[in-house]
Amino acid sequence: MELAIDTSTRFASIGLSRQGESVVELTWRSERNHSVELVPSIRRLLERQGIGVGQLESIYIASGPGNFSALRVGMSVAKAMAASLGAPLVAVGTLEIEAMPYLGMGSPVCALIGAGRRRLYLGDFSDAAQPSYRVVEHDELAAAASSDALFCGEGALSVADLIRGAFGADAKIAGAPAPTRRAGALAYLGYEMLREGRTADAMSLEPLYLRSSQVSTANRAWRNR
């Protein structure tokens with residue numbers, strides 16, 4: 001059994017899976033209480049399935065970008081569990097989780113998450129082999145995204161008027177309301193990475209906050225996949 005943890009934003013999602021196939025998941029809106037809610041929620045999920053912590057074979061964690069403190073809570077728990085269990089830890093980019101349901105539909109995909117006042121975390125998946133992560137101001141979105149992109153993610157609906165103003169009334173915007181990420185999607189991506197041997201070091205892994213140095217590192221990692 002595998003455990004997926006995503007606390008990238010105020011919407012948290014956890015789930016159990018077998019070989020990347022979701023068995024059960026729980027998603028909720030946390031009002032800055034990830035540190036209080038996460039571990040009890042994991043415990044309840046395990047009890048619901050009648051399994052012990054020791055039966056977890058791998059841990060999948062959403063690695064960001066997202067809210068600073070929320071990311072650290074999930075990352076700390078995932079690292080501690082992986083280290084204590086001797087289980088492999090797989091880190092999956094949060095924007096990749098947002099984009100996953102829309103890839104392969106014939107359009108470039110632009111995944112968006114809010115990054116504070118008038119800023120967005122943007123994942124450009126117009127080139128499946130070399131997607132790029134960046135932080136953009138609202139007024140930079142038109143230049144940063146492709147005009148034929150499908151806009152998705154937790155931040156997409158909040159800037160829908162901005163997208164339509166930049167790209168026209170027919171701009172493609174995924175209409176899914178938050179929460180837009182599921183632990184099941186994280187589990188699927190995590191298992192694929194696990195099969196490919198792309199695991200993380202539980203001692204050194206850090207959340208992706210998209211500082212300038214991290215943007216370069218993340219984009220290099222994508223190109224080397």
From phi via Karplus (6.51, -1.76, 1.60), per-residue ³J(HN,Hα) for region 148-161 in Hz, x at Gly/Pro: 9, 6, 9, 8, 9, x, 4, x, 5, 5, 5, 10, 4, 5
Gap separating the Cα centres of region 146-215 and region 1-54, nearest whole Å: 19
Region 1-42 - convex hull of the alpha-carbon atoms, volume per residue in Å³: 60
Normalised alpha carbon radius of gyration of region 111-208 [divisor 2.2 N^0.38 Å]: 1.21
222 nm mean residue ellipticity, helices alone, for the chain (DSSP H n ≥ 4; -39,500 (n - 2.57); rounded to 500): -10500 deg cm²/dmol
Order by protection proxy (mean Cβ within 10 Å, highest first), peptides 74-84, 180-190: 180-190, 74-84
Gained length - GLU140 relative to TRP28, 0.36 nm times residue gap less alpha-carbon distance: 37.2 nm
Cut-off under 5 Å, modelled amide H: who pairs with ILE173 long-range: PHE151
Whole-percent pair-distance distribution, where bins are 5 Å wide, for the alpha carbons of region 60-146: 3, 14, 21, 20, 17, 13, 8, 4, 1, 0
Spacing of the two label points (7 Å from each Cα toward its C-beta) at SER35 and GLU206, in nm: 2.0
Cα-based equivalent ellipsoid, the chain: semi-axes from gyration tensor eigenvalues, Å: 29, 18, 16
Beta bridges per DSSP with both ends in the chain, % antiparallel, nearest 5: 65
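Laboratory data are not the source of any read-out in this text; all were calculated from the coordinates shown. Everything numeric here is computed off the predicted structure, so don't read it as measured data. With ideal geometry, Cβ positions are generated from the backbone for all residues, glycine too; neighbour counts draw on all protein chains shown.
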